[in-house]
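Participant: Take a look at the following structure, please.
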Amino acid sequence: MLYQIYEANRAWISPFSEFASAASKLYSNPLSFFAQMPSAPRVSAGFDLVHRLTKQYEKPEFNINKVTVDGVEVVIQEQVVEAKPFCRLLRFKRFTDDAVMLNKMRDQPSVLVVAPLSGHHSTLLRDTVRTLLQDHKVYITDWIDARMVPTSEGAFHLDDYINNVQDFIRTVGPDVHVISVCQPTVPVLAAVSLMASRGETTPRSMTMMGGPIDARKSPTAVNNLAMNKPYEWFENNVIYHVPENYAGAGRRVYPGFLQHTGFVAMNPDRHATSHYDYFLDLVRGNDDSAGSHREFYDEYNAVLDMPAEYYLDTIKTVFQDFALVNGTWEVRNPKGKPELVKPQDIKTTALLTVEGELDDISGAGQTHSAQDLCSGIPKARRKQYDVIGAGHYGIFAGRRWREFAYPEIRSFILAHNKK
């Protein structure tokens with residue numbers, strides 16, 4: 001019922017949001033009489049802020065149209081390589097008329113970025129993708145908002161996530177390097193472990209960034225909530241049915257608006273200060289700062305619904321049973337047969353784990369725990385790296401990502417591009 005109430009409220013407030021947007025323009029357009037009033041900048045800024053606090057945020061576009069590769073500007077085309085009910089595999093295909101550069105790009109490593117299915121869209125990794133494109137052929141998992149998936153497509157469990165990742169690894173090919181960011185570090189490790197146990201060819205390298213491989217280490221507020229509340233609490237308090245006005249009507253989900261509330265509640269003072277600073281930037285005409293605020297919150301406020309089965313499986317498997325580190329995790333393959341996850345079976349895939357010094361979502365040591373689990377990988381092919389001064393988002397976006405984390409990842413991939 002909560003979801004239906006939220007939708008009704010959103011429909012009711014939508015006209016007021018649009019009115020606020022129009023009023024903001026009325027008080028800021030230099031051709032408008034109202035813009036000549038002494039208080040016009042403050043009134044316009046106030047209406048603009050109201051609009052942004054009440055509007056509905058849709059999934060953003062990647063908008064990666066070109067990148068520079070070794071001083072040569074190349075064009076990017078976003079392609080759908082494979083489409084599944086709950087996920088699309090995207091490729092950012094690079095094009096250039098420069099024959100020398102074209103041959104060079106063909107020989108560059110292929111990278112599969114496994115994006116989180118944890119509230120935000122895969123576009124949150126836009127900076128990650130844009131940077132990687134300078135030296136790699138890049139693919140990414142683009143998870144679909146569960147409210148848009150008809151119930152006829154069936155349920156989506158954590159096991160299905162793992163099976164999807166395995167299919168995408170096979171699609172990209174045996175030379176692929178896999179990068180998992182945050183939540184997918186656990187299912188990606190499971191996916192590669194199962195492939196190794198079956199004797200399949202595994203990726204040339206795995207880079208795991210800021211994920212809860214062992215959530216018992218340095219638990220954060222996010223970990224504590226998942227570990228201290230019983231499984232039934234999550235099932236009874238955060239799972240709702242999608243309303244009738246969406247394609248996935250009737251599907252059980254963890255709604256995006258509840259997730260967003262949780263995100264904001266983690267740092268309410270920081271968000272309040274950010275919005276107030278945005279108001280002041282508008283009043284003062286600081287367009288660059290205001291634009292940066294809009295760009296960040298257009299992404300941050302765009303959330304998706306997660307399938308209930310997948311979310312509850314993750315809570316139980318990763319944060320309550322610690323099944324991966326305890327060696328008790330069984331995953332059902334597409335035929336329904338359970339298989340034990342054994343990271344020690346991985347032999348040929350190189351492993352890099354990356355953590356942020358100030359990460360308040362995945363605590364210190366959680367990601368590096370993969371090093372001990374993957375004991376079958378020779379030590380010479382394993383490495384761990386800490387991004388000093390970086391929080392959770394800083395390890396895959398922003399200056400510290402580009403200047404510290406990325407050069408380390410690029411060098412690791414290059415060093416292990418041949419088996």
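The values are calculated or read from the model by the stated rules, or taken from the named source; none is laboratory data. As the structure is a computational prediction, the values presented were derived from the model and not from experiment. Every residue, glycine as well, gets a Cβ built from its backbone with ideal geometry; the counts of neighbours run over all protein chains shown.
Here is a yes/no grid of residues against (1) crowded, with 20+ Cβ neighbours inside 10 Å; (2) in the same structural domain as Val149 (by TED's automatic domain parsing); (3) in contact with an Asp or Glu (Cβ under 7 Å, 6 or more places away or on another chain):
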| site | (1), (2), (3) |
| --- | --- |
| Phe33 | no, no, no |
| Gln36 | no, no, no |
| Glu73 | no, yes, no |
| Ala99 | no, yes, no |
| Leu102 | no, yes, no |
| Gln108 | no, yes, yes |
| Pro116 | yes, yes, no |
| His121 | yes, yes, no |
| Arg130 | no, yes, no |
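Participant: Say whether the condition of being assigned by TED's automatic domain parsing to the domain that holds Val114, within 12 Å of Tyr310 (Cβ to Cβ), at pLDDT 95 or above and not in a helix (DSSP H, G or I) is met by at least one residue in the range 157-180.
Facilitator: yes
Participant: Something else now. Please count how many residues of the range 263-297 are over 30 Å from Ile213 (Cα atoms) and either of a type in the set (Asp, Glu) or assigned by TED's automatic domain parsing to the domain that holds Lys217 (or both). First the steps, then the outcome.
Facilitator: Residues of the range 263-297 over 30 Å from Ile213 (Cα atoms): 272-295.
Those still in the list that are either of a type in the set (Asp, Glu) or assigned by TED's automatic domain parsing to the domain that holds Lys217 (or both) too: 277, 281, 287-288, 295.
Total meeting the criteria: 5.
Participant: Let me ask another. Say we look at the range 1-50 and pick out the residues that are in a helix (DSSP H, G or I) and of a type in the set (Ser, Thr, Tyr); which of these is modelled with the lowest pLDDT?
Facilitator: By that ranking, first place goes to Tyr6.
Participant: So which helices (runs of 4 or more DSSP H) are wholly in the range 209-279 and hold at least 3 residues that are at pLDDT below 90 and of a type outside the set (S, T, N, Q)? Even if it seems obvious, please write down each step before you answer.
Facilitator: Details: elements: 221-228, 231-237, 256-266.
Where helices (runs of 4 or more DSSP H) fall fully within the range 209-279 and carry at least 3 residues being at pLDDT below 90 and of a type outside the set (S, T, N, Q), they are 221-228, 256-266.
Participant: Among the residues of the range 377-406 satisfying the criterion of being in a loop (DSSP other than H, G, I, E, B) and free of Cβ contacts under 8 Å to residues at least 60 places away in the same chain, which is farthest from Ala215 (Cα to Cα)? Spell out how you get there, then give the answer.
Facilitator: Keep residues of the range 377-406 that are in a loop (DSSP other than H, G, I, E, B), which gives 377-378, 388-392, 396-398.
Keeping just the survivors that are free of Cβ contacts under 8 Å to residues at least 60 places away in the same chain gives 377-378, 388-391.
On the way: Ile377: 22, Pro378: 25, Ile388: 21, Gly389: 21, Ala390: 19, Gly391: 17 Å.
This residue is Pro378.
Participant: If you go through the range 212-229 one residue at a time, do you hit one that is farther than 21 Å from Gly327 by Cβ and among the charged types (D, E, K, R)? Give the derivation first.
Facilitator: Keep residues of the range 212-229 that are farther than 21 Å from Gly327 by Cβ, which gives 218, 220-222, 224-225, 228-229.
Okay, now just the ones that are also among the charged types (D, E, K, R), so 229.
Yes, the range 212-229 contains a residue that is farther than 21 Å from Gly327 by Cβ and among the charged types (D, E, K, R).
Participant: Sticking with this one: Of Ser375, Ser411, Ser369, which residue is in contact with an Asp or Glu (Cβ under 6 Å, 6 or more places away or on another chain) and of a type outside the set (Val, Ile, Thr)?
Facilitator: On the way: Ser375 fails: in contact with an Asp or Glu (Cβ under 6 Å, 6 or more places away or on another chain); Ser411 fails: in contact with an Asp or Glu (Cβ under 6 Å, 6 or more places away or on another chain).
That would be Ser369, the only listed residue that is in contact with an Asp or Glu (Cβ under 6 Å, 6 or more places away or on another chain) and of a type outside the set (Val, Ile, Thr).
Participant: Another question, then. Test each condition in (1) touching a Leu at 6+ places or on another chain (Cβ under 6 Å); (2) assigned to a helix (DSSP H, G or I) for Val129 and report the one that comes out false.
Facilitator: For Val129, the failing item is (1).
Participant: Working carefully through the options Gly211, Gly199, find the one that is in the same structural domain as Leu352 (by TED's automatic domain parsing), within 30 Å of Pro109 (Cα to Cα) and without any contact (Cβ under 8 Å) to a residue 24 or more places away in the chain. Lay out the reasoning, then the answer.
Facilitator: Working: Gly211 fails: without any contact (Cβ under 8 Å) to a residue 24 or more places away in the chain.
Going through Gly211, Gly199 in turn, the sole match is Gly199.
Participant: Okay, next question. Here are some residues: Ala226, Ala247. Which one is surrounded by fewer than 21 Cβ atoms within 10 Å (Cβ to Cβ) and not assigned by TED's automatic domain parsing to the domain that holds Arg382?
Facilitator: Working: Ala226 fails: not assigned by TED's automatic domain parsing to the domain that holds Arg382.
Sole residue among the options that is surrounded by fewer than 21 Cβ atoms within 10 Å (Cβ to Cβ) and not assigned by TED's automatic domain parsing to the domain that holds Arg382: Ala247.
Participant: Quick check on my filter: what residues within the range 56-103 are assigned to a helix (DSSP H, G or I) and touching a strand residue (DSSP E or B) at 6+ places or on another chain (Cβ under 8 Å)? Please lay out each step first, then the result.
Facilitator: From the range 56-103, those assigned to a helix (DSSP H, G or I) are 99-103; that's our starting set.
Of everything in the range 56-103, just one residue is assigned to a helix (DSSP H, G or I) and touching a strand residue (DSSP E or B) at 6+ places or on another chain (Cβ under 8 Å), namely Met101.
Participant: Considering only residues that are hydroxyl-bearing (Ser, Thr, Tyr) and surrounded by fewer than 17 Cβ atoms within 10 Å (Cβ to Cβ), look in the range 263-309 and name the one that is farthest from Tyr240 (Cα to Cα).
Facilitator: Ser289
Participant: Of all residues in the range 350-377, how many are among the β-branched types (Val, Ile, Thr) and within 16 Å of Pro187 (Cα to Cα)?
Facilitator: Of the residues in the range 350-377, the ones among the β-branched types (Val, Ile, Thr) are 353-354, 361, 367, 377.
Next, only the ones that are within 16 Å of Pro187 (Cα to Cα) stay: 353, 367.
Residues in the range 350-377 being among the β-branched types (Val, Ile, Thr) and within 16 Å of Pro187 (Cα to Cα): 2 in total.
Participant: Restricted to the range 132-156, and to residues that are buried (at least 19 other Cβ atoms within 10 Å of the Cβ) and either in a helix (DSSP H, G or I) or on the phi > 0 side of the Ramachandran plot (or both), which residue is farthest from the chain's Cα centre (by Cα)?
Facilitator: The extreme case among them is Arg147.
Participant: Sticking with this one: Report yes if some residue within the range 185-192 is out of contact with any Pro (no Cβ under 7 Å at 6 or more places or on another chain), assigned to a loop (DSSP other than H, G, I, E, B), of a type outside the set (Asp, Glu) and closer than 24 Å to Ala397 by Cβ; otherwise report no.
Facilitator: Looking for residues that are out of contact with any Pro (no Cβ under 7 Å at 6 or more places or on another chain), assigned to a loop (DSSP other than H, G, I, E, B), of a type outside the set (Asp, Glu) and closer than 24 Å to Ala397 by Cβ, one finds none in the range 185-192, hence no.
Participant: Would you check if Arg294 is more than 26 Å from Gly391 (Cα to Cα) and either under 20 Å from the mean Cα position of the chain (by Cα) or modelled with pLDDT of 90 or more (or both)?
Facilitator: Numbers: more than 26 Å from Gly391 (Cα to Cα): no; either under 20 Å from the mean Cα position of the chain (by Cα) or modelled with pLDDT of 90 or more (or both): yes.
So Arg294 fails the test.
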